[in-house]
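Visitor: My structure is below; once you've seen it, I'll send some questions.
Values quoted throughout were computed directly from the atomic coordinates according to the rules given, and no laboratory measurement underlies them. All values derive from a computational prediction rather than experimental measurement. Every residue, glycine among them, receives a Cβ derived from its backbone with ideal geometry; neighbour counts consider all protein chains shown.
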Amino acid sequence: EAGLDELGITEPYLRDFALDVVDEAHKHVKSNWQLEKAQRIKPSLWWQQVAQAQAQTQTQTQTTSTEQSDANANTPKLSNLSTDGKAWFIHPVAMVDYFAGNNILFKKGDKDEIIREINIRLAGFGGNVPTDEFTERTENMIKQFQRDYMQVEETGVVDMNVIKAIDEFQEEYPIETYFTQAKCKCSTLKLVEGDKVCGGFGNGKFEKQKQDANTIEMYRKYEYPGLHRTLFWVLRAWKFYLSHFDQRNMKIELVKSGYRCWSDNNAHNFRKSTNHMGKALDIHMIYNNTKISLENLCDDAREVMISYCNAHYRWQVKNVISLEVGIREKTPKDTAIAATWIHFDVRSFELKYLEDKYFVKSAEQVNGLSMRSLITNKG
Ligand SMILES: [Zn+2]
Ligand SMILES: [Zn+2]
């Protein structure tokens, strides 16, 4: 009635009609509720019955003869239902998330295959090699990642938040296109007679030199079976720093050159260089400012890689990302010079970090399983 007043309905015949409709609706709701109680809720109230039956069976088992007990022992028992009616459901993935948010999963001194993955995936944050050990470098790398990418307090230890952030970092900086661009292009060339086209990653030539410590790295002719994973994770981090820590809006245009097999070398006037057999990438850059020369742009972009990814010019320093020099660093002795592109490689890595397993043939293999599933599978 109050509602009708509020709506300004005063005509008695309209009010009667409206109230009839309300009564009708009430009846409908009431009969639905009766059906709900009788047909849906009551049949599902089995908990108490089952819990009581279980309690009785247990008492019986305790008081009956040994023979019967033996018979019962062969029948699988249901786990006991709690008589208070409380049920617990535990979802393993959700539980890992819930409990491990701030719990330390790995810290300095630890050793694990997952640590090797972290050392590969965060290699662009201050530099690292693919070891399974949590070293001082790993600690500094985690701190840099927390400070710059996650923007949280630096702890230098791996917790679930770091694990999740690595997966986000991977998704935020895709490398699929770059990887495709980095395949060997010998199939598009006129090859020297007797040379074979490769499938994008060489034909495994000069395998005997693979782990030969006496071969000088520069002359190691082995065609590695893919591209080194660290290259693409460094590329990701460098891209992050170019866009977030530098105001000049320098952008990666494409991977101009990645894998170059011996057939490719020979077709290029018998080129001798070996570090593009899986260990190097050449990058072209773009920049929306015509006042700066391409040479300057490449030198600037190299400096970003030096500052944040701990890259070094030339190959004297071991186990870091190495850069070919541009105009700024050029000396009269320099023969190879990357003036209008950026060449970086993993040539200075020790042989143990250049095993076949680090060289891959697809972007999926660069990425690997997500960090979260690695942690969850570990249990
Ligand atoms: Zn090739
Ligand atoms: Zn190069």
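Visitor: By counting other Cβ atoms within 10 Å of each Cβ, how are Met141, Met250 ranked from fewest to most?
Guide: The fewest-first ordering by Cβ neighbours comes to Met250, Met141.
Visitor: Right, another one. Shape of the chain from its Cα gyration tensor (a ≥ b ≥ c, root eigenvalues): rounded if a/c is under 1.5, otherwise prolate when a/b > b/c, or oblate?
Guide: It comes out prolate by the Cα gyration axes.
Visitor: Going down the list Lys37/Lys86; Lys251/Lys279; Lys183/Lys318; Lys210/Lys251; Lys86/Lys108, which pairs span over 31 Å between their C-alpha atoms?
Guide: Lys210/Lys251; Lys86/Lys108
Visitor: Determine which aspartates and glutamates satisfy two conditions relative to Lys107: a Cα distance under 17 Å, and not lying fewer than 8 residues away in the same chain.
Guide: Glu117, Asp132, Glu133, Glu136, Glu139, Glu153, Glu154, Asp159
Visitor: If I stretch the segment between Arg372 and Lys291 completely, what's the gain in nm (0.36 nm per residue apart, minus their alpha carbon distance), one decimal?
Guide: 24.6 nm
Visitor: Just to confirm my numbers, what's the Cα centroid distance between region 97-163 and region 216-261 in Å?
Guide: 22
Visitor: Which ordering of Arg260, Arg220 is given by a fewest-first count of other beta-carbon atoms within 10 Å?
Guide: Sorted ascending by nearby Cβ count, the order is Arg220, Arg260.
Visitor: Hey, fewest Cβ within 10 Å first, where do Trp315, Trp88 land in order?
Guide: Trp88, Trp315
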